[in-house]
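Okay, so here's the structure we're looking at.
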Amino acid sequence: MNKKRLHLIVELLIIALSWVSILLDFSIIPVLIIFLGLVSIVLLVEDKETVEPKKIEEEKEKVEEETKIEEPVPETSDKVLDFPPDFDESKFVKNIFLLYRNIQNDFMNFEYETLMDRLGIEMYEQFSKQMKHLEDTGRQSVHKNMEFQKAQVMSYTQGKDCDKAVVNLSLLEDKYMKKMEEPFRLTSARVRYESCYALTVLKHHRKKVFRKCAYCGEKLQGNPTVCPHCNKMLLESSEHWILKDLKLVCSHSYQEIKKEKD
């Protein structure tokens, strides 16, 4: 009911009762009792009208809160750096560039033995399969004229058994595929690229000594690099950094980038 209408009705009732009381016995007490009762009713109605919308709003907010989909928390890109004493970051990233360059040269020239000493076991299996496929199809993957641009250590962690680092490496390189009998081409707009790689590298504190092959279970004598039974790689070098994982972040034609800058 509309508040103004309710107030008007109450006022009219009070006036009518007042006149009836005066005409009958001139007693004001019943009128006061009735008046207080009507005032109480009005106050209760107003309170109810005020509380109800508030209650409904609170319940609505509660339902919205319960059904609200939380926004995903963005991942932070903070570095986890735990460098050893006297660590030279500039020298370290240049050595990682040299490691990448040597790996690509070995891959290009099918140097299985040398490559084995630069890669983790899983990476070596991937590279050796690709090399075998290229050999079978008479092709060669060319990575030449590599030029270091910049590098950043994204994380460095010293562990109990090994140190681990992730490095973002940017460089210029010529990369293309060719048939084995074809000569190497000179740098051109088609093959010169600016590439960025994310390299995960490891350096073990001591060599792992295997008593049996993890692949075929064959017992081993000495400390062989490759299982004599199944020909699987067994060791990861502890003398220097090896590549555990390699991801291509981006690669663009260097000539195209130059034109955009000009």
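The values are calculated or read from the model by the stated rules, or taken from the named source; none is laboratory data. Note that this is a predicted model, so its numbers are computed, not measured. Note: ideal-geometry Cβ built from the backbone for every residue, glycine included; neighbour counts use all protein chains shown.
Odds and ends about this structure:
- Candidates M131, M180 - the one that is more than 25 Å from F83 (Cα to Cα), surrounded by fewer than 16 Cβ atoms within 10 Å (Cβ to Cβ) and aliphatic (A, V, I, L, M): M180
- Exactly one residue out of E111, E173 is over 20 Å from W241 (Cα atoms) and acidic (D, E), and it is E173.
- The one condition in (1) in contact (Cβ under 8 Å) with a residue 24 or more places away in the chain; (2) surrounded by fewer than 18 Cβ atoms within 10 Å (Cβ to Cβ); (3) assigned to a helix (DSSP H, G or I); (4) of a type outside the set (D, E, K, R) that T114 fails to fulfil: (1)
- The residues listed here are V209, V191; of these, the one that is modelled with pLDDT under 90 and either closer than 30 Å to D136 by Cα or touching a Pro at 6+ places or on another chain (Cβ under 9 Å) (or both) is V191.
- Residues that are assigned to a helix (DSSP H, G or I) and in contact with a strand residue (DSSP E or B) (Cβ under 9 Å, 6 or more places away or on another chain), drawn from the range 117-136: I121, E122, M123, Y124, E125, Q126, F127, S128, Q130, M131, H133, L134
- Test for L119: is it of a type in the set (A, V, I, L, M) and either touching a Gly at 6+ places or on another chain (Cβ under 8 Å) or surrounded by fewer than 18 Cβ atoms within 10 Å (Cβ to Cβ) (or both): no
- Residue, modelled with the lowest pLDDT, within the range 231-262, restricted to residues that are in a loop (DSSP other than H, G, I, E, B) and surrounded by fewer than 12 Cβ atoms within 10 Å (Cβ to Cβ): D262
- Out of K160, K150, sole residue that is outside any helix (DSSP H, G or I), loosely packed, with under 14 Cβ neighbours inside 10 Å, modelled with pLDDT of 90 or more and among the basic types (K, R): K150
- Within the range 91-111, the residues that satisfy the criterion of being closer than 19 Å to V153 by Cβ and free of Cβ contacts under 8 Å to residues at least 40 places away in the same chain are K91, L98.
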